[in-house]
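The values are calculated or read from the model by the stated rules, or taken from the named source; none is laboratory data. All of these numbers come straight from a predicted model, not from anything done at the bench. FYI the Cβ positions are ideal-geometry reconstructions off the backbone, even for glycines, and counts take in every protein chain you see. Ligands, DNA and RNA are stripped out before the accessible areas are found, and what is left, the full protein with its side chains, is counted by its heavy atoms. Shrake-Rupley method; radii C 1.70, N 1.55, O 1.52, S 1.80 Å.
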Amino acid sequence: MSTLLLDIGNTRCKWGLWEDGMFTREGAVDNDDIGKANVWTFALDADSAFACSVASARRTDALHEVLSRLGVKLTLAQTTSERAGVRCAYTDPSRLGVDRWMAVLAGSRLPRRPALIVDAGTALTIDAVDNDGNHAGGFIIPGIQMMQSALTTRTANIRVDEPDAINESFGTSTSEAVRNGALVAAAGAVDRAANWLAMLCDTDPDALTFAFTGGNGEMLADTLNRAADFHANFVLDGLAIYAGLAP
């Protein structure tokens, strides 16, 4: 018996086939192709599907339609006040993005807690998991590219036009200062979040687990002066817990 798990983002849909207690196949489909039956032939091996979607209703409906034609029932995950023994910190859980909720579920199963779950994508989301594996709240700030574009689109004389990789050093040009400044700002936000969670849980920041995901997650994890792990498919890991497939 196999289950298709889907993480539908703004530009692409990551997928994984869960069989015998693990992901046996993984891949991604561009959102522009999400309604094309020929790209979903692997879904014929699935008995059912669960999806976490932050894409438009049009994209999600297209996926639902194509999977229905292939005979695969699709269930959309939702943020709830409690799931798999994990409590959501939001007074109104529906206001917490479902992708963040899946990442929190995955974070609750990390071998060491408390934990910070950092999704470094278009937005930078930081979610805290306490000693008991429950959601303790989080932060949302602009992602690295969004910080850069905020400066370049709202000022007359600031441009980012150099191709060099960003790093933590002082910029020696305006472009470099903007690019590196965005990285330093993101890393600083993670450090401050770590201090806050450590205080809440009466522990040392160095005792926390740091789990990164998202397009800039690996780069941001490398900037920390602490041990940090990168999880490319953390949302899918949480979706497996949501669907009752993983312990």
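Annotations
- Modelled FRET efficiency - R0 35 Å, THR203 with GLU168, Cβ distances, 0.05 increments: 0.85
- Cα-based equivalent ellipsoid of region 1-108: semi-axis lengths in Å, sorted from largest, via gyration tensor: 24, 17, 11
- Amide H contacts of ALA136 (H built 1.01 Å from N, under 5 Å, at least 5 apart or other chain): ALA128, VAL129, ASP130
- In the frame of its principal axes, region 93-154 has Cα extents of 43, 25, 14 Å, reported largest first.
- DSSP beta bridges in the chain [antiparallel fraction, %, rounded to 5]: 65
- Helical contribution to [θ] at 222 nm, DSSP H n ≥ 4, -39,500 (n - 2.57), averaged over the chain, rounded to 500: -10000 deg cm²/dmol
- In order along region 94-106, the Karplus-derived 3J(HN,Hα) couplings, from 6.51 cos²θ - 1.76 cosθ + 1.60 at θ = phi - 60°, round to 5, 8, 8, x, 5, 5, 5, 5, 5, 5, 5, 4, 5 Hz, and Gly and Pro are given as x.
- Over all pairs of different C-alpha atoms, region 87-202 has a mean inverse distance whose reciprocal, the Kirkwood radius, equals 15.6 Å.
- Hydrodynamic radius (Kirkwood) for region 7-59, which is based on Cα pairs only, to one decimal in Å: 11.8
- Extension gain, ARG25 to LEU76: 0.36 nm times the residue separation minus the Cα-Cα distance gives 16.3 nm.
- Compared with the rule-of-thumb size 2.2 N^0.38 Å for a compact globular protein, region 61-103 has a Cα radius of gyration ratio of 1.48.
- Nearest-10 value in Å² for the accessible area of HIS64, using the 1.4 Å probe: 90
- Phi to ³J(HN,Hα) by Karplus 6.51 cos²θ - 1.76 cosθ + 1.60 over region 112-129, Hz, x for Gly, Pro: 9, 10, x, 9, 10, 9, 10, 10, 9, x, 4, 9, 9, 10, 10, 10, 9, 10
- Carbon + sulfur, % of accessible area of region 24-169 - ligands and nucleic acids excluded, 1.4 Å: 48
- Stretchable slack from SER149 to ARG95, in nm (0.36 nm times residue separation minus alpha-carbon distance): 16.8 nm
- Summarised in one figure, the compactness ratio Rg/Rh of the chain, Cα atoms and Kirkwood Rh, is 1.00.
- Per-residue SASA entry for MET146, accessible area with 1.4 Å probe, Å² rounded to 10: 80
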